[in-house]
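So the structure is just underneath, and the comments pick up after that.
The values are calculated or read from the model by the stated rules, or taken from the named source; none is laboratory data. Please read these numbers as outputs of a predicted model, since none were measured by experiment. All Cβ positions, even for glycine, are placed from backbone atoms using ideal geometry, and neighbour counts span all protein chains on display. In case anyone asks, the SASA skips ligands and DNA or RNA and just uses the protein heavy atoms, side chains included. Shrake-Rupley method; radii C 1.70, N 1.55, O 1.52, S 1.80 Å.
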Amino acid sequence: MIKLGLTGGIGSGKSTVAASLQACGAAVVDADAISRQTTAAGGLAMPAIAQQFGAKFVGADGALDRAAMRELVFAQPEARLQLEAIVHPLVSAETARQTQAALDAGKQLVVFDVPLLVESAHWRSRVDRVLVVDCLETTQTARVVARSGLTPQAVQAIINQQASRQRRLNAADLVIYNDGLTLDDLRQACCEIARRFGL
């Protein structure tokens, strides 16, 4: 079984690439989705988050108040470390469970969709290859503004918090340059990568 780490900046098209690789027969373990599940209403991280940060970070629905947490993390970088100390062990356990399930199902390729793979201290050592979805920052900004309603300045602030394009490219074994590609072009590029790994 090949473990392929998939990463890219916000708005790069990484989620589309993950879905395309899955359609080609890969198993996808989405670290971001797992993380969101832990902080959803009834999520495993929520009792510890309420205890660590207080009830004002729990929304009326019982889920993490993401806007409030984002503000806190921007203002107090140590808050991010405290949040990660709660969430990361839970994500690791669920990731291991899903990986074992893929192995048991006989999957040849498991794609780990990890937005902050390059920034992470431990993810690089867990995967055999790294696939980076790359595009211009102007393209990232335009895509995120169009889909989210965030201002260009807010998107730029998110981009600035992520690894630089160059740092991601330096970590890459494979790159899909997703600027000017049609959806069909992008899917074709994904199928070619899947074929490289025997799918």
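If R0 is taken as 22 Å, the Cβ-Cβ distance between Leu103 and Leu174 corresponds to a FRET efficiency of 0.50. Helical runs assigned H by DSSP (4 residues or longer) give the chain a calculated mean residue ellipticity at 222 nm of -16500 deg cm²/dmol, each run adding -39500 (n - 2.57) before division by the residue total. Between Ala93 and Lys3, the simple spin-label model (points 7 angstrom out along Cα→Cβ) gives 1.9 nm. What net charge do the residues around Ile34 carry, taking every other residue with its C-beta under 15 Å from that of Ile34, with Lys and Arg at +1 and Asp and Glu at -1? That sum, taken over residues with Cβ under 15 Å, equals -2.
With Cα atoms defining each centre, the stretch 94-149 and the stretch 1-65 are spaced 11 Å apart in the structure. Shape call for the stretch 135-199 from the C-alpha gyration tensor, a ≥ b ≥ c root eigenvalues: rounded (a/c under 1.5), prolate (a/b greater than b/c) or oblate? Taking the square roots of the gyration eigenvalues as a ≥ b ≥ c, the stretch 135-199 is oblate. Taking every DSSP bridge with both residues inside the chain, close to 5 percent are antiparallel.
Here the stretch 76-199 is described by how far its Cα atoms reach on the three principal axes: 45, 41, 27 Å, from widest to narrowest. Taking the alpha carbon gyration tensor of the stretch 1-81, multiplying each eigenvalue by 5 and rooting it gives semi-axes of 30, 15, 11 Å, largest first. Between Phe74 and Gln188, the FRET efficiency estimated from the beta carbon spacing at R0 = 45 angstrom works out to 0.70. Residues Asp184, Asp179, Asp113, Asp128 ordered from highest to lowest accessible area at a 1.4 Å probe: Asp184, Asp128, Asp179, Asp113. Taking a ≥ b ≥ c as the square roots of the eigenvalues of the Cα gyration tensor, the stretch 1-156 is classed as oblate, since a/c reaches at least 1.5 and a/b does not exceed b/c. In this structure, Arg167 and Thr138 have a Cβ-Cβ separation that, at R0 = 30 Å, corresponds to a calculated FRET efficiency of about 0.95.
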